[in-house]
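The values are calculated or read from the model by the stated rules, or taken from the named source; none is laboratory data. On a predicted model such as this, the values are computed, not experimentally measured, just so you know. A quick note on method: Cβ atoms are made from the backbone with ideal geometry, for glycine too, and the neighbour counts reach across all protein chains shown. In case anyone asks, the SASA skips ligands and DNA or RNA and just uses the protein heavy atoms, side chains included. Shrake-Rupley method; radii C 1.70, N 1.55, O 1.52, S 1.80 Å.
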Amino acid sequence: MSNEAVADYAAQTSFRRQVKSGKGVWIAALIIGLWALVMSYAVGFYRLDFYSPMTYVLFLLLTHLYTGLFITAHDAMHGVVSTNKKLNEWIGRICCILFSFNFYDNLNRKHHLHHRFVGTDKDPDYHGGNFFVWYFHFAKQYVNIWQILLMAVTYNLLKLVLPMENLIVFWMLPAVLSTLQLFYFGTYVPHMGEHAPENIHKSRSQRLNHWWAFLSCYFFGYHYEHHNRPGTPWWLLHKEKELSQR
């Protein structure tokens, strides 16, 4: 066995141990807890002021945490949040609900189609054309009338007790911006254009830069690595990137 193969085996063994240790559950709980804490403050206690830098800090932080909710749900779809299948699935469902009432089963089914038929007509995430055409197609695959109705009902109930402007700026808009973030860094950039015939995953990966990789999309810009080892949780994708650079 080559030195590279030995190092890869050791790394994968370490990854599996970390997942089994329950670390993924604690990371998921941290993301959900931070989202709930910041959201509660932003919509319930913060006095909206567009001249204050804090407004934009809260807005960007909530956008990033919304992205974290989706990435956590995505990891649950690959069974890597927890080795307890029921707990893993329920964490995924909770994250989907918090992310504008997405339906876990629908996302799960289509995401696995994406992995199975990546970059083909059977891939629900893939579409030719420019960014806006592709994004519209992408959104159409996942947004449904029930989700819109649930959001509308929830908004109209919440605005009875919370400031309408805060709900729009901190609850609605960050979720929309997060879908653009997820689409651009996690679908469009990795899969657009032509790929080499030997690239079986039809995916590319951003350059090694862990700070930017985390801030842009929770290491999901290391997308070839994700498709190559979909059983790796998001918080270990940077290790896969480091291995691929050896």
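Looking only at residues in region 208-246 that are in a helix (DSSP H, G or I) and hydroxyl-bearing (Ser, Thr, Tyr), the one that is modelled with the lowest pLDDT is 244.
Inspection of region 48-69 finds no residue satisfying the criterion of being open to solvent by 70 Å² or more (accessible area, probe 1.4 Å) and among the polar types (S, T, N, Q). Taking each residue of region 61-87 that is at positive phi and looking for partners that are among the small types (Gly, Ala, Ser) with beta-carbon atoms closer than 9 Å, six or more apart or interchain, yields 79/231. Within region 198-227, the set of residues being over 17 Å from the mean Cα position of the chain (by Cα), of a type outside the set (Lys, Arg) and open to solvent by 80 Å² or more (accessible area, probe 1.4 Å) comprises 198, 200, 208.
Where helices (runs of 4 or more DSSP H) fall wholly inside region 97-197, the ranges with 1 or more residues that are within 21 Å of residue 218 (Cα to Cα) and open to solvent by 60 Å² or more (accessible area, probe 1.4 Å) are 104-116, 173-183.
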